[in-house]
Amino acid sequence: MQIKNNIEKIQAHIQKTAIDCGRSPEEVHLIGVSKRKPEELIRAAIDAGHRDFGENYIQEAMEKIDSLGKESARWHFIGHLQSNKARFAVKYFDLIHTVDKLKLAREISKQAAKIGKTQDILLQINIAEEETKSGAGAGEVIDLARQISELEHVSLRGLMCMPPFFADPEDARGYFRAVKTISLEIRDMDLPGVEMEHLSMGMSNDFAVAIEEGATLVRVGTAIFGSRD
């Protein structure tokens, strides 16, 4: 019951934020970040009607998805992905948020071709150029999008970012705005197989600011499932 209440509270916050900034609430989707969380909590969220979940670790996610059922939800891979795990990501996930290199995109396309799938992906931008975070540099993303558009079994659907953590979410606004600007630049290039419909940005502490700056996918874990173990 607590998880159901948490989801409803966050969805209400998302709805109000979207309306207040002139957007349709239907444009914004809540991803429940379920990494390191036990299966029974995810099942409780599914039973409450929630359908989008984000996982960071391939092996852990595979076990959960096999148990809960792939069709029970939409599964988002939001962790760092190594090329040698691409085949598992393609098999299990509807959307991969964290593509940051052409080599990885090529491997995803190769593995998707084997199972007759076109894999939806997002490009991850390291918008603050932090050494501890993955992601392509802001100056690299345009060329990377152009190269990925040539891959047959990958569909670029947007961008993902994770700005630095700030006690005041307003301090993240400039980063979110910069990612939105890059997204529009890529959209205006009109690349084949590229549809810049998603901005995956904003987490438990700053998703309202992210929505105001154009987020369509917000990744919330703690506010749904509680503190990390």
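Just so it is clear, none of the values below were taken in a lab; they were calculated from the coordinates. This is a predicted model, so every value here is computed, not measured. So basically every Cβ, Gly included, is an ideal-geometry build from the backbone, and we count neighbours across all protein chains shown.
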Looking at the range 170-205, which of the residues that are touching a Cys at 6+ places or on another chain (Cβ under 7 Å) and under 20 Å from Asp120 (Cβ atoms) is surrounded by the most Cβ atoms within 10 Å (Cβ to Cβ)?
-> Met201
Out of the range 20-32, which residues are more than 18 Å from the chain's Cα centre (by Cα), more than 19 Å from Asn205 (Cα to Cα) and exposed (fewer than 13 other Cβ atoms within 10 Å of the Cβ)?
-> Gly22, Ser24
The helices (runs of 4 or more DSSP H) lying entirely within the range 123-229 that contain at least 1 residues which are closer than 25 Å to Lys91 by Cα and of a type outside the set (Ser, Thr, Tyr) are 141-148
Which residues, counting only those in the range 52-95, are polar (S, T, N, Q) and part of a helix (DSSP H, G or I)?
-> Gln59, Ser67, Ser72, Ser83, Asn84
Inside the range 38-81, can you point out the residues that are of a type in the set (Lys, Arg) and either under 30 Å from Lys101 (Cα atoms) or surrounded by 23 or more Cβ atoms within 10 Å (Cβ to Cβ) (or both)?
-> Arg51, Lys64, Lys70, Arg74
The residue from Lys103, Lys35 that alone is under 26 Å from Lys133 (Cα atoms) and buried (at least 16 other Cβ atoms within 10 Å of the Cβ) is Lys35
